[in-house]
Amino acid sequence: MATAAPATVWGAPALRMVLRPEFCQLLADLAHDVLDGVIFYGLDRLVRRPRDLEDLIDIVEYRR
């Protein structure tokens, strides 16, 4: 079974942003106390962009 490629948004010719709906759902679940935390084995496995990490840090700090 083939898997679909991630959705992309094209802005500038050299800019490519991959939308990660599962990651967005993870952040929403953390923000709304659906999940208590996240376990990951490498930061590069959790976040792809610095902005993703900043969003995660904001949510974790807000929940303290």
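The values are calculated or read from the model by the stated rules, or taken from the named source; none is laboratory data. Predicted, not measured: the structure shown is a model, and the values here were computed from it. Positions of Cβ are generated from backbone atoms using ideal geometry, with glycine treated the same way; all protein chains shown enter the neighbour counts.
Taking the criterion of being at pLDDT below 90 and not in a helix (DSSP H, G or I), the residues of region 38-64 that qualify are ARG48, ARG49, ARG64. Cβ separations smaller than 9 Å between residues 6+ apart or across chains give the following pairs from region 23-43 residues that are surrounded by fewer than 12 Cβ atoms within 10 Å (Cβ to Cβ) to residues that are not in a loop (DSSP other than H, G, I, E, B): ASP33/ARG63; VAL34/ALA28; ASP36/LEU30; GLY37/LEU30; GLY37/VAL60; PHE40/LEU46; LEU43/LEU53.
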